[in-house]
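*Asks:* Sending over a structure as structure tokens; questions will come in a sec.
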Amino acid sequence: MSDDTDTHQTSEAEGAYWRDNVRLLVTLMAIWFACSFGAGILFREFLDQFMIGGYPLGFWFAQQGSIYIFIALIFYYVVKMRKLERKYDLDD
Amino acid sequence: MDTQTLIYLFVGASFALYIGIALWSRAGSTKEFYVAGGGVNPVVNGMATAADWMSAASFISMAGLIAFLGYDGSVYLMGWTGGYVMLALLLAPYLRKFGQFTVPDFIGTRYYSKTARVVAVICLIFISFTYIAGQMRGVGIVFSRFLDVDITMGVIIGMGIVFVYAVLGGMKGITYTQVAQYCVLIFAYMVPAFFLSFMITGNPIPQFGLGSQVNDGSGLYVLQKLNLVLTDLGFGEYTDGSKSMIDVFCITLALMVGTAGLPHVIVRFFTVPKASDARKSAGWALIFIALLYTTAPAVGAFARLNFIDTVNETSYSEAPGWFKNWERNDLIAFQDKNGDGVMQVRSGDAFEGAPTFAEGTGPSGERLVTNAPVADSENEVYLDRDIMVLANPEIGNLPGWVIALVAAGGLAAALSTAAGLLLVISSSVSHDLLKSTFKPDISEKGELLAARLAATAAIVVAGYLGIYPPGWVAQVVAFAFGLAAASLFPAIFMGIFSKRMNKEGAIAGMVTGLAFTFGYIFYFKLANPAANVADNWLFGISPEGIGVVGMVLNFAVAIAVSKMTASPPVEIRKLVDSIRVPRGAGDAHAH
């Protein structure tokens, strides 16, 4: 960033990239919250009336399911961001 | 070969491997010492991160904790994995793009302030030392039980090993030894878990086993049987917790945010080549971690079931060999309260506090304890939760080499985490305090020497804490996560996502979050432990979960103060813009 002039402005592509990124983050963090704090804690008792194999469903989310979903979220984000970066020509 | 020889062989071979790797990957420059040269493959870094992250507590204690907490143990499972989503999405790629060596580097530069940098160093040192004392204790436990050397000697050997590869190799040496340590520890964890799962359910995959039927012909699922057995003996149901919902919520959140704010974890993402690699690497780290973390609840449940099956209503004279082994190491005790020579496992404590053993043995041959019995509980067996994983191979009658493997795995878990922590302590001293704050004219060679000396000093302090563990060590583990959640995480997060956040706001926020969280934990854990009951807690939140309130205060104070003070200078806003896009600074303006 050494050749900047005095006035500072982000390029249009950078701005649009950042807005898309934030929108994606909000969606993914909502899922992150829903599977762990939602299904595993707040609605655990309700979900425990259903079974997945020998697991009560809420218990399964708390001790197994949320962890699998966490992994899926990160790799979905990796792939999605790769596409965004190509789209705006900002990839590293 | 007998088991003891096998243990020496396995542990000795694993140590030789770590030292060999360290000699091969010595650090020659500060960049190699701090961030392994910045060229580590994201999958390799993910594996190293997993070993760095999974400490003696994860390997040795967690399954045991879950075995006794049941559903409440979920706070650790979700709390210690969910933080990686925050890391991958909210912090790691931006910090990598920023491209410096340490966490205080980011805070000091982003908030254009030496004060902010020093506050960050103080948080970091406090968090890391709290954590490292626990690792050294883990090393001590493994050595004393498996290698028959006393704890002091065990800690000194452990210190020696860490010294060789952390001081010589720096981050570069640590990264590649951690990869080896991950392989050792995950193998050591999974093998007994496969055996146990197969033994109890007929399905060798523990994650499926926990959801399967017990193969005793009863047709009951594992969790159903566990609920039945436990309620019969007066315990609560396994799948139902005893903590309040708000407490479970806050502890889980504090652990997640704390994970994302732990300096020794964050700094691992400085070692990959590109910002996009940091995201990928966090995903791989979580896969490697999840392998152990989805197995642990199964191990916990199987161990609990197995323990009750083999011990409850068994006469002491027929107690299995492992029971007496661990009794010899003070971690199991039997107090025959009704004098029938038969061990009753019930809910409640058998006696007050941890066992203090008297000379001599009781009528059935058990070691006598001098503790006052708890009159309103029929329970007669004291069990230290930490032994659940360590004793599993013996409980399951597994061959000697499995026991040897578990010993090597426990040491790998403790040593890898200790090394990672030592590195962030030493780099914050040599880089943030010396180079960036007090002695900016220090040469590259001088800084590297300072880093090695600081690492050496930190090892000595950590070893001292391991040999003479202060009573508060176990009490303050909550500190590390609560403080990281309340101090470092909000400062880093706002540094990336808000261009308006300035140094006044960030410093005020960090100090508020730190002071509040520290004060709350200090009061309930150290100053007035008698008051540490739910009725006295703020909003019913225990000290373990209070970091969440500290974090909220940090955000609130930082935003309020920043609104009343001047915006950050234009270079800082440019810096934020540049870390938000992955493409390198040099390319950003090339058209």
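The values are calculated or read from the model by the stated rules, or taken from the named source; none is laboratory data. Quick caveat: nothing in here was measured; it's all calculated off a predicted structure. Positions of Cβ are generated from backbone atoms using ideal geometry, with glycine treated the same way; all protein chains shown enter the neighbour counts. Calculation scope for accessible area: heavy atoms of the full protein, side chains included, ligands and nucleic acids excluded. Shrake-Rupley method; radii C 1.70, N 1.55, O 1.52, S 1.80 Å.
*Asks:* Give me a comma-separated list of calculated 3J(HN,Hα) values for the range B:393-410, in order, Karplus coefficients 6.51, -1.76, 1.60 applied at θ = phi - 60°, integers in Hz, x for any Gly or Pro.
*Replies:* x, 6, 4, x, 6, 7, x, x, 5, 5, 4, 4, 5, 5, 4, 5, x, x
*Asks:* To continue, here is another question. Of the peptides B:99-108, B:187-196, B:527-536, how do they stack up when ordered by the mean number of other Cβ atoms within 10 Å, highest first?
*Replies:* Answer by packing, highest mean first, reads B:99-108, B:187-196, B:527-536.
*Asks:* Is the shape of the range B:440-563 best called rounded, prolate or oblate, per the rule: a/c under 1.5 gives rounded, else a/b larger than b/c gives prolate, else oblate, with a ≥ b ≥ c the square roots of the Cα gyration tensor eigenvalues?
*Replies:* Numbers: a/c = 3.31, a/b = 1.11, b/c = 2.99.
Oblate.
*Asks:* Given R₀ = 45 Å, FRET efficiency for B:THR356-A:ARG82 by Cβ-Cβ distance, to 0.05?
*Replies:* 0.15
*Asks:* Around B:GLN335, under 9 Å between beta carbons, what's the net of Lys plus Arg minus Asp minus Glu among the other residues?
*Replies:* -2
*Asks:* Looking at B:PRO297, B:TYR316, B:ALA354, which one has the Cα that reaches farthest to the positive end of the dipole of the range B:272-356 (charges on Cβ: Lys, Arg +1; Asp, Glu -1)?
*Replies:* So the residue we want is B:PRO297.
*Asks:* I'd like the GluC sites (Glu not before Pro) in the range B:340-381 restricted to DSSP loop residues with at most 13 other Cβ atoms within 10 Å, sorted by number. Each step should come with its number before you reach the end.
*Replies:* On the way: sites: B:GLU352, B:GLU359, B:GLU366, B:GLU378, B:GLU380; in loops: B:GLU352, B:GLU366, B:GLU378, B:GLU380.
Filter output for the range B:340-381: B:GLU352.
*Asks:* Same structure again: Take the Cα radius of gyration of the range B:255-388 and divide it by 2.2 N^0.38 Å, with N its residue count; two decimals is plenty. Could the numbers behind the result be given before it?
*Replies:* Values: Rg = 21.8 Å, N = 134, 2.2 N^0.38 = 14.1 Å.
Cα-based Rg divided by the globular estimate yields 1.54.
*Asks:* In the range A:65-84, what residues drop by 50 Å² or more in accessible surface going from the chain by itself to the full protein assembly, probe 1.4 Å?
*Replies:* Correct list: A:ILE67, A:PHE70, A:ILE71, A:ILE74, A:PHE75, A:TYR77, A:VAL78.
*Asks:* Give me, ordered by chain and number, the residues 5 or more places off B:SER29 or on other chains with an amide H under 5 Å from its own placed amide H.
*Replies:* Those qualifying (amide H under 5 Å, at least 5 residues apart or on another chain) number zero.
*Asks:* Based on the Cβ-Cβ distance from B:ALA556 to B:SER317, what FRET efficiency comes out when R0 is 51 Å, to the nearest 0.05?
*Replies:* 0.20
*Asks:* So what's the back-of-envelope 222 nm ellipticity for the protein assembly as shown, counting only DSSP H runs of four-plus at -39500 (n - 2.57) apiece and dividing by all residues, rounded to 500? Could you put the intermediate results ahead of the total?
*Replies:* Details: 28 runs with 413 residues, N = 683.
That calculation yields -19500 deg cm²/dmol at 222 nm.
*Asks:* Report, as an integer, the average count of C-beta atoms from other chains found within 10 Å of each Cβ along A:38-48.
*Replies:* Working: counts 0, 0, 9, 11, 3, 0, 7, 2, 0, 0, 3.
Across the residues of A:38-48, the mean count of other-chain Cβ atoms within 10 Å is 3.
*Asks:* Mean projection of the alpha-carbon convex hull of chain B over all orientations, in nm²?
*Replies:* Quarter of the Cα hull surface area: 27.8 nm².
*Asks:* Then there's this: Bin all alpha-carbon pair distances of the protein assembly as shown at 20 Å intervals from 0 and give each bin's fraction as a whole percent.
*Replies:* 18, 53, 26, 4, 0
*Asks:* For the Cα atoms of chain B, what angle does the longest principal axis make with the long axis of helix B:3-24, in degrees from 0 to 90, nearest 10?
*Replies:* Between the helix axis and the principal axis of chain B, the angle is about 10 degrees.
*Asks:* Would you kindly calculate the translational diffusion coefficient of the range B:151-217, applying Stokes-Einstein with the Kirkwood radius from alpha carbon pairs, for 20 °C and a viscosity of 1.002 mPa s, and quote it in µm² s⁻¹ without decimals?
*Replies:* My calculation gives 146 µm²/s for D.
*Asks:* Taking amide H atoms as placed 1.01 Å from N in the peptide plane, list the residues 5 or more away in sequence, or in a different chain, whose amide H sits under 5 Å from that of A:ILE52.
*Replies:* A:LEU57
*Asks:* Another question, then. Mind computing the radius of gyration and Dmax over the alpha-carbon atoms of the range B:291-364? Å is fine for both.
*Replies:* 14.1, 45
*Asks:* For B:ALA530 and B:ASP216 in one chain, what is 0.36 nm times their gap in residues minus the Cα-Cα distance, to one decimal in nm? Before the final figure, lay out each step's value.
*Replies:* On the way: separation 314, 0.36 × 314 = 113.04 nm, distance 4.49 nm.
Extra length from B:ALA530 to B:ASP216 when fully extended: 108.6 nm.
*Asks:* Further question: Do you know the relative contact order of the range B:190-284, to the nearest whole percent, from alpha carbon pairs under 8 angstrom that are 6+ apart?
*Replies:* Relative contact order for the range B:190-284 comes out at 11 percent.
*Asks:* Still on this structure, I have one more. Using only Cα atoms and rounding to the nearest 10 degrees, what angle (0 to 90) does helix B:570-580 make with the longest principal axis of chain B?
*Replies:* 50
*Asks:* Moving on. Stretched out fully, how many nm does the piece from B:GLN4 to B:LEU538 gain, at 0.36 nm a residue minus the Cα gap? Spell out each step's value before the answer.
*Replies:* Working: separation 534, 0.36 × 534 = 192.24 nm, distance 5.05 nm.
Extra length from B:GLN4 to B:LEU538 when fully extended: 187.2 nm.
*Asks:* Would you mind giving the mean number of other chain beta-carbons within 10 Å of the Cβ of each residue in B:208-221, as a whole number? Before the final figure, lay out each step's value.
*Replies:* Details: counts 2, 1, 7, 9, 3, 2, 1, 0, 0, 0, 0, 0, 1, 5.
The shielding value for this peptide is 2.
*Asks:* Taking only protein heavy atoms and a 1.4 Å probe, what accessible area per residue, in Å², does the range B:263-342 have with all protein chains in place?
*Replies:* 26
*Asks:* Another one. Using only the alpha-carbon atoms of the range B:147-294 as identical scatterers, what base-10 log of I(q)/I(0) does the Debye formula give at q = 0.15 Å⁻¹?
*Replies:* At q = 0.15 Å⁻¹ the computed log10 ratios are -1.12.
*Asks:* Quick one: P(r) of chain A from all Cα-Cα pairs, 10 Å bins, percents rounded to integers, in order of increasing distance.
*Replies:* 15, 31, 22, 17, 10, 4, 1
*Asks:* Taking square-rooted eigenvalues a ≥ b ≥ c of the alpha carbon gyration tensor, is the range B:1-140 rounded, prolate or oblate, where a/c under 1.5 means rounded and, failing that, a/b exceeding b/c means prolate?
*Replies:* Cα axes put the range B:1-140 in the oblate bin.
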